[in-house]
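What follows is a short report on a single structure.
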Amino acid sequence: MALLEVSQLDVRFALRQGEVKAIRDVSFTLERGERLGIVGESGAGKSVAAFSLLNLISKPGFIAGGSIRFEGQTLNTMSERGLRKIRGNRISMIFQDPMMTLNPVLSIGEQMVECLKAHRRISSREARAIALDKLRQVQIPSPEKRLDQYPHELSGGMRQRIIIAIALLLDPDIIIADEPTTALDVTIQAEIMALLLDLCEQHNVGLILITHDLGVVSQVTQRMLVMYAGRVIEQGPTREIINDPQHPYTQGLINALPQMATPGEKLNQIRGSMPSLSNLPSGCAFHPRCDFIKRADGQTRPACVEQVPGFVQTGNCQVACHMVAELLEDRRLKEEGQ
Ligand SMILES: Nc1ncnc2c1ncn2[C@@H]1O[C@H](COP(=O)(O)OP(=O)(O)O)[C@@H](O)[C@H]1O
Ligand SMILES: [Mg+2]
């Protein structure tokens, strides 16, 4: 049994104008110590997926179906009291904005001590010693001094190091990091990402890394999910997907990376933009932007417009695309015919 098993997760927002299906049919597993990336453009449903794992979706949002199992316990039906024992303790979260986690009126030390004492029976002195040790682990300069400082006295990079120290405070099994470096300067982004990777490896902590940055995913994770308009459209080992993407959308994302551009020419952006979730195209949600909707004979593939594609297995990856399914079927028929 995997450490975390997410199965057919369906999250909706009940709005006055109607129900928005933010994520649909999202399934994945995470093994102990494994690092999984979730990528996709803004609005794809990545944050909704992250928040729903710890039942942190607030009204008008709700989990409409599916399950989230952690060590065999079902988190989506667990009591708030039960969940509080898991949140921050067994599974912790890192957000893009450190101020979402840090309390501006408490010193760093006070926040860390409070967090430890809420979950463990220890003295303030013991808690302070653990806090100091974690600050050392995140390689913050003058860690003793930081304990008595307030969040606003620290730089963005230092605040994010503190957030990582807090995420590690109770020796969690999993860290969910939602765009953890997006708000930082590019030079600091790489340092913080390397630190997070290093600490997860050292302590065998599983990581769910949510980002729009394929470069980061390819450096840090072993497996990845690509999300589009609330669905997973491709998933598998990161190396395989980056080297040989199957879904036209994943191919587009990889071609749009700056390193794939010809110097002096425009970046290869995917044409169009992601649809609004309240007004999804029929069939495959990517079809209006897809360059492969036409078959070799020039005819539009009807399934692309009419049916939501299911997953097909190719190599170690699963891909939700009618064209890929057709290519696989053609190959199978050819092999059978020989
Ligand atoms: N509080 C909310 N109220 C209504 N709809 C929401 C809310 N939060 C998210 N959504 C819907 O879910 C979609 C996905 O959001 P999100 O998970 O934040 O995207 P991502 O993190 O991939 O950029 C949004 O485009 C929006 O339609
Ligand atoms: Mg987000």
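Values in this text are rule-based calculations from the coordinates and carry no lab data. Source: prediction; values computed, not measured. For neighbour counting, all protein chains shown are included, and Cβ atoms are generated from backbone atoms with ideal geometry for every residue, glycine included.
What does the net charge come to around Met78 if you take all other residues with beta carbon closer than 15 Å to its beta carbon, with K and R at +1 and D and E at -1? Residues close to Met78 contribute a combined charge of +3. Each Lys and Arg Cβ is given +1 and each Asp and Glu Cβ -1; about its Cα centre, the chain then shows a dipole of about 860 debye. Among the trypsin sites (Lys or Arg not before Pro) found in the range 214-277, those both in a DSSP coil and sparsely packed, with 15 or fewer other Cβ atoms within 10 Å of their Cβ, are Lys266, Arg271. Arranged from fewest to most other beta-carbon atoms within 10 Å of their beta carbon, His247, His212 become His212, His247. Which FRET efficiency value, to the nearest 0.05, do you get for Ser142 and Arg121 by plugging their Cβ-Cβ distance into 1/(1 + (r/R0)^6) with R0 = 22 Å? Calculated transfer efficiency: 0.15. Build a GNM of the chain with springs between Cα atoms under 10 Å apart, and of Gln269, Gln139, Gln259 the one that fluctuates most is Gln259.
Principal semi-axes of the equivalent ellipsoid, √(5λ) from the alpha carbon gyration tensor of the chain, are 39, 22, 19 Å from largest down.
When you filter the trypsin sites (Lys or Arg not before Pro) in the range 91-197 for DSSP loop state and at most 15 other Cβ atoms inside 10 Å of their Cβ, you are left with Arg120, Arg121. Between the range 267-338 and the range 6-32, the C-alpha centres lie 22 angstrom from each other.
For the chain, the antiparallel share of DSSP beta bridges with both residues in that region comes to about 60%. Using a cut-off of 14 Å between alpha-carbon atoms, which aspartates and glutamates can reach Lys21, once sequence neighbours fewer than 8 places away in the same chain are excluded? Filter leaves Asp10. In the chain, the DSSP-assigned H stretches of four residues or longer account for a calculated mean residue ellipticity at 222 nm of -10500 deg cm²/dmol, using -39500 (n - 2.57) per stretch and the full residue count as denominator.
Count Lys and Arg as plus one, Asp and Glu as minus one, and take only other residues whose Cβ is under 14 Å from that of Val6; the net charge is then -1. Of the residues Gly252, Gly43, Gly82, the one that moves most in a GNM of the chain with alpha-carbon contacts below 10 Å is Gly82. Across the range 308-319, computed HN-Hα scalar couplings (Karplus, 6.51 cos²θ - 1.76 cosθ + 1.60, θ = phi - 60°) run 5, x, x, 7, 10, 8, 9, x, 9, 10, 10, 10 Hz from first to last residue, x flagging Gly and Pro. Applying a DSSP loop filter and a limit of 14 other Cβ atoms within 10 Å to the trypsin sites (Lys or Arg not before Pro) in the range 32-87 leaves Arg32.
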